[in-house]
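Reading through the structure tokens given below for one structure.
The values are calculated or read from the model by the stated rules, or taken from the named source; none is laboratory data. All values derive from a computational prediction rather than experimental measurement. Positions of Cβ are backbone-derived with ideal geometry, glycine not excepted, and every protein chain shown enters the neighbour counts.
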Amino acid sequence: MGQFPLLSLVIWVPIAFGVLTLIAERIRGIDVRWVALVGSLVTLAISVPLYTSFDATTAAMQFVERAPWIPQFNVSYYLGVDGISMPLVLLTNFMTVLVVIAGWKVITYKRGQYMAAFLIMAGLMNGVFESLDALLFYVFWEAQLIPMFIIIGIWGGPRRIYATIKFFLYTFLGSVLMLVALIYLYLQTGSYSILAFQHTPIGMTAQILLFLAFLVAFAVKIPMWPVHTWLPDAHVEAPTGGSVILAAIMLKLGAYGLLRFSLPIAPDASHALQWLMIILSLIAIIYIGFVAIVQRDMKKLIAYSSVAHMGFVTLGMFIVFMIVENTGALAGTAMGMDGAIVQMISHGLVSGALFLCIGVLYDRMHTREIADYGGVVNSMPIFAFFFVLFGMANTGLPGTSGFVGEFMVILASFKANFWVAMVAAITLILGAAYTLGLLKQVLWGPVANDRVAALKDISPREFLVLGVLALAVLALGVYPQPLVHVMEPSVHHLVHQVMQSKL
Amino acid sequence: MNFTAPAFAPAIPEMFVFGMACFILLVDVYAGERRRVVTYWLSLATLAGAAWLTASLTPTTQITFDGMFVNDKLAQALKLFTYVITAAVFLYSRDYLQQRNQFKGEFYVLGLFGMLGVMILISAHSLLTLYIGLELLSLCQYALIALDRDNGVASESAMKYFILGAVASAILLYGMSILYGITGTLDLGQLALFIAGTGFAQIGLIFAVGFVVVALAFKFGAVPFHMWLPDVYEGARTPITLYVGSIPKIAAFVMFIRLLAQGLGGLHPSWEQMLIAISVLSMAVGSVLAIAQTNMKRMLGYSTISHVGYILLGILAGTQIGYEAAMFYTITYVIMATAAFGMVILLSRRGFEGDMIADFKGLNERSPWFAAMMLCVMFGMTGAPPFLGFFAKLYVIEAVLNVGLVWLAVVAVLFAVISAFYYLRVVKFMYFDHSDDKTPLEGGWDLKWVLSGNSLAILALGIAPAPLMALCVHAFGF
């Protein structure tokens, strides 16, 4: 302690601004949007030092804060970030700013509550990434369901209530089993510290059960096939901002959970069940890819493509065991992990951007049916430029961020098993098929109807949002080194942890 | 034959409440209709006085009146909590009762006498004291429900409660008489010594335990002895439901502790099995049946049943942590239930009860503040962090895991997911639906302020649960 509580600020400043927004809504003459924008910008600003003063030579937790919280259970308010979680915190705060700007004109009903929900959620998601205490993690993990539940329920589409209750119950069901697992680990180790969990030896049966309990929680969140069914509903019904946060950040929570809990706490079980994870990942990549091709709803299509892309993330994480089995060396294992994490960040940017693009169209036309569009490029050329760019990033075109992650994962898979890599690489074709299909039908071709002809191109506000994202996607695609550099020691540390038996 | 006066000091709060209740009864007769507010303020003053007296007792275990009465840390903590909740009941209901010409002195006098029953129960150290306290509480409750005598539904539920309650009391007495027959003592301390001395459980003792558990489960409203609970909750006037739904839960919890844990603790293996069955059934029936309800009070009734299942989880663990967890859960539940029924009172106005779940429609448009308060209550009951309800569930689940009942913990969390649905439905009505009813909420200052504090407490104690946990640990510390 004694240092500046940067991590706490990153959690509590947005929450405080969220409450402030709610209060400001009751006062006449205050535009709540500015309060929310200032709040999100301040949060982003205070999270920048996390990157600039990050020590990329060590895998140890940094900016650590620790204070007793519930002494009866030995729970502490224990925060810290490493190279895996720090980029995700930045991503969260970055996307929140964009979401606030994106909702500027669109949201008219209870605007203050809308902005407040996103700010509070940003704080809670930062909390998930920063917690080093399992109970604190769980509290943030569950708490962020509440604002999302409200966001989908109030500002969502026609079937929003069905979608939001399904979303809540699905994720709640997944997480309660994790809670039992956490309490079990607490009774074994005598504390809720995640690092203590990672170091304690556990028997094989217990490891398998723990792994499965964690898997239920994280698989629902990621989402992995076959527990992905809540995602298309939630995405389709959520307002644009909700979809963006859902795709960009919330899905990453599950993948982050695998990295922080499943792999290091139950390495032997992860090893034993790697076949399950790889098969589920491949099914997500192939089967969901095919499902995406036949979608008629733009949002649903992107939602399914998210599931397929997250399949890459899980594949990259669990392929490491197979690499070691095949080559007998650790060389190349880190590449799978690196690829998975780069893919997480990249997917956050790209899927968020795609949902924002669809939002731009939806705000003008109030339909998400692909068939209602056609020839949009004629009336919205600038928009079409961005949409094509993000579409290409989604297919993994070299030069965009999408390429880096997928390429690393496929390369790692080749070291492990030719056929796995072969099957995974099919995604490049499938991804191109559904994304290009979407672009073709929406943007190109003859102008579909008068409403499309009358479309106005994007406003400066929309240009700002999409432009910033486009820069990020290109920067990460051309030069991913700043990201890979900070996470390298943590990933190496994780790979070593995973390879050491805890029996 | 020499007579020594017993130590009266540990029972001073009870005597004070008894005296004040009689005094208020008299004052009320002479004060008349127009100065009824005097009764209201005197009742609140009684609670404050009792709190002061209780707090100033020495926090050591003192047994007096020939082993009939005990004052210990548990008793002190629970009594103080009982005063707070009784005060909340009085504060919430003033406006409601005034609007319906139900603002009668009897409400306060019966309320105080019922609370006295709870106090006696809390301090019971003998089967007899326990029974007296229970009956005092129960009779006041029957009378309170029937207070609105022109209301057919209320009379019906009072009658139902009375008959079923009398049967349960009879069963309890029967169990107690068997215990007395075998052990020859009514004193809970000596009972525990006797059981520890016999080494193994006699069949007669197990019989007695069976009767006792049935009666206690009835008073708590646990399945399969829950039939009365939803009807009574729905039939009684909302302030009475508030009373019946909050304070007796403390009494039921303390009966479990005094009788089963302290008196019959040696027979833990035999009552553990019964409680496991009752607990799982309560969680199941409460969670599933609440889904089908349209009446808010009835839904809260079923939700009570499922919460009772969780409280029993802590008790059946039979460990120090288990009892602490059960106490924590009871306190949490009572705080949340008080707020929930308070919210129903807030929605009601002259000629409109506001007790249907659909009446919560569009509350976010009518009053964003109270919609947010109800949000805290509902997510608290769901057991979602960072609300207090989460830590209550955490505590009991940990207690259950601690004794190795992993399957029970898994069952418990699964039912928590099922019950989440109907709490979410209330949130859905408040936030996602629009209502034609745009009337601003009525309600006195006392209701609005205290209700806000009560709901915020669910959030605040959830963010900082350590003090409340420390209190529970303290209560069971020696």
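Working only within segment A:15-74, note down all residues that are part of a helix (DSSP H, G or I), polar (S, T, N, Q) and within 14 Å of another protein chain (Cβ to nearest Cβ). Matches in segment A:15-74: A:Thr21, A:Gln72. Report yes if some residue within segment A:331-339 is surrounded by fewer than 24 Cβ atoms within 10 Å (Cβ to Cβ), within 25 Å of the chain's Cα centre (by Cα) and either of a type in the set (S, T, N, Q) or within 16 Å of A:Pro264 (Cβ to Cβ) (or both); otherwise report no. For segment A:331-339, residues surrounded by fewer than 24 Cβ atoms within 10 Å (Cβ to Cβ), within 25 Å of the chain's Cα centre (by Cα) and either of a type in the set (S, T, N, Q) or within 16 Å of A:Pro264 (Cβ to Cβ) (or both): present.
Annotation note: of A:Gly83, A:Gly123, the sole residue that is in contact with a His (Cβ under 9 Å, 6 or more places away or on another chain) and more than 10 Å from every other protein chain (Cβ to nearest Cβ) is A:Gly83.
Looking only at residues of segment A:146-158 that are facing chain B (nearest Cβ under 7 Å) and touching a residue at least 24 places away in the same chain (Cβ under 8 Å), we find that the one that is nearest to B:Lys361 (Cα to Cα) is A:Ile154. Out of all the residues in segment B:415-448, which are over 19 Å from A:Arg160 (Cβ atoms) and either facing chain A (nearest Cβ under 7 Å) or not in a helix (DSSP H, G or I) (or both)? Across segment B:415-448, the qualifying residues are B:Ala416, B:Val417, B:Asp436, B:Asp437, B:Lys438, B:Thr439, B:Pro440, B:Leu441, B:Glu442, B:Gly443, B:Gly444. Only one entry in B:Gly266, B:Gly245 is under 27 Å from B:Leu136 (Cβ atoms) and touching a residue at least 40 places away in the same chain (Cβ under 8 Å), namely B:Gly245.
Residue under question is A:Phe211, and the condition is that it be aromatic (Phe, Trp, Tyr), at pLDDT 90 or above and more than 20 Å from the chain's Cα centre (by Cα); does it hold? Yes. Exactly one residue among B:Val17, B:Val70 is closer than 20 Å to B:Ile132 by Cβ, outside any strand (DSSP E or B) and of a type outside the set (Phe, Trp, Tyr), and that residue is B:Val17. Among the residues of segment A:139-170, those that are of a type in the set (Ser, Thr, Tyr) and over 20 Å from B:Cys376 (Cβ atoms) comprise A:Tyr162, A:Tyr170. For segment B:257-266, indicate whether the set of residues that are crowded, with 23+ Cβ neighbours inside 10 Å, among the aliphatic types (A, V, I, L, M) and under 17 Å from B:His307 (Cα atoms) is non-empty. No - not one qualifying residue is present in segment B:257-266. Checking B:Phe360 against (1) more than 10 Å from chain A (Cβ to nearest Cβ); (2) under 18 Å from the mean Cα position of the chain (by Cα), which test does it fail? Of (1) more than 10 Å from chain A (Cβ to nearest Cβ); (2) under 18 Å from the mean Cα position of the chain (by Cα), only one is false for B:Phe360: (2). Go through the residues of segment A:127-137 one by one and say whether even a single one is within 12 Å of another protein chain (Cβ to nearest Cβ) and in contact with a Pro (Cβ under 8 Å, 6 or more places away or on another chain). No: segment A:127-137 contains no residue that is within 12 Å of another protein chain (Cβ to nearest Cβ) and in contact with a Pro (Cβ under 8 Å, 6 or more places away or on another chain). Applying a threshold of 8 Å to beta carbon distances and a minimum spacing of six or more residues, or different chains, the list of pairs starting in segment B:98-119 at a residue that is surrounded by 24 or more Cβ atoms within 10 Å (Cβ to Cβ) and ending at one that is outside any helix (DSSP H, G or I) and not polar (S, T, N, Q) reads B:Phe107/B:Leu147. Of all residues in segment B:449-478, those that are under 27 Å from B:Ile315 (Cβ atoms) and away from every other protein chain (no Cβ under 14 Å) have Cβ atoms under 9 Å from Cβ atoms of residues that are crowded, with 18+ Cβ neighbours inside 10 Å and among the acidic types (Asp, Glu), 6 or more apart or on another chain, in B:Phe478/B:Asp72. Which residue pairs have Cβ atoms under 9 Å apart, sit 6 or more places apart or on different chains, and have a first residue in segment A:106-133 that is on the phi > 0 side of the Ramachandran plot and a second that is of a type in the set (A, V, I, L, M)? What qualifies is A:Lys110/A:Ile154. Scanning segment A:183-193 for residues that are out of contact with any Phe, Trp or Tyr (no Cβ under 6 Å at 6 or more places or on another chain) and at the interface with chain B (Cβ under 9 Å from one of its Cβ atoms) returns A:Ile183, A:Tyr184, A:Leu187. Determine, yes or no, whether B:Ala384 is touching a residue at least 24 places away in the same chain (Cβ under 8 Å), outside any helix (DSSP H, G or I), out of contact with any Lys or Arg (no Cβ under 6 Å at 6 or more places or on another chain) and within 14 Å of another protein chain (Cβ to nearest Cβ). The answer is yes for B:Ala384.
Residue count for segment A:159-182, restricted to those that are in a helix (DSSP H, G or I) and either more than 20 Å from the chain's Cα centre (by Cα) or at the interface with another protein chain (Cβ under 7 Å from one of its Cβ atoms) (or both): 14.
Against the criterion of being within 28 Å of A:Ala432 (Cα to Cα), within 17 Å of the chain's Cα centre (by Cα), at pLDDT below 90 and surrounded by fewer than 23 Cβ atoms within 10 Å (Cβ to Cβ), A:Val227 qualifies. You will find that of A:Leu79, A:Leu22, A:Leu50, the residue that is surrounded by 15 or more Cβ atoms within 10 Å (Cβ to Cβ), within 27 Å of A:Ala117 (Cα to Cα) and free of Cβ contacts under 8 Å to residues at least 60 places away in the same chain is A:Leu50 and no other. For segment A:377-401, filtering for residues that are among the aliphatic types (A, V, I, L, M) and closer than 19 Å to A:Ala102 by Cβ leaves 5.
B:Gly197 meets all of the listed conditions (1) loosely packed, with under 15 Cβ neighbours inside 10 Å; (2) not in a helix (DSSP H, G or I) but one, namely (2). Applying the set (1) in a helix (DSSP H, G or I); (2) within 11 Å of another protein chain (Cβ to nearest Cβ); (3) buried (at least 21 other Cβ atoms within 10 Å of the Cβ) to B:Ala392 leaves exactly one unmet item: (2).
Here B:Glu33 meets the list (1) among the acidic types (Asp, Glu); (2) under 27 Å from B:Asp95 (Cβ atoms); (3) assigned to a helix (DSSP H, G or I) almost entirely, failing just condition (3).
All of (1) more than 11 Å from chain B (Cβ to nearest Cβ); (2) surrounded by fewer than 23 Cβ atoms within 10 Å (Cβ to Cβ); (3) under 24 Å from B:Phe421 (Cα atoms) hold for A:Lys221 with one exception: (2). Summed over segment B:365-381, residues that are among the hydroxyl-bearing types (Ser, Thr, Tyr) and out of contact with any Pro (no Cβ under 9 Å at 6 or more places or on another chain) total 0. Checking the structure you have, find out if any residue of segment A:259-275 is part of a helix (DSSP H, G or I), of a type in the set (Ser, Thr, Tyr), within 30 Å of A:Val99 (Cα to Cα) and in contact (Cβ under 8 Å) with a residue 24 or more places away in the chain. No, that holds for no residue.
Condition check ((1) touching a residue at least 12 places away in the same chain (Cβ under 8 Å); (2) in a helix (DSSP H, G or I); (3) surrounded by 24 or more Cβ atoms within 10 Å (Cβ to Cβ); (4) polar (S, T, N, Q)) across all residues:
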site	(1), (2), (3), (4)
B:Ser279	yes, yes, yes, yes
B:Leu289	yes, yes, no, no
B:Leu313	yes, yes, yes, no
B:Thr332	yes, yes, yes, yes
B:Met336	yes, yes, yes, no
B:Ala339	yes, yes, yes, no
B:Leu346	yes, yes, yes, no
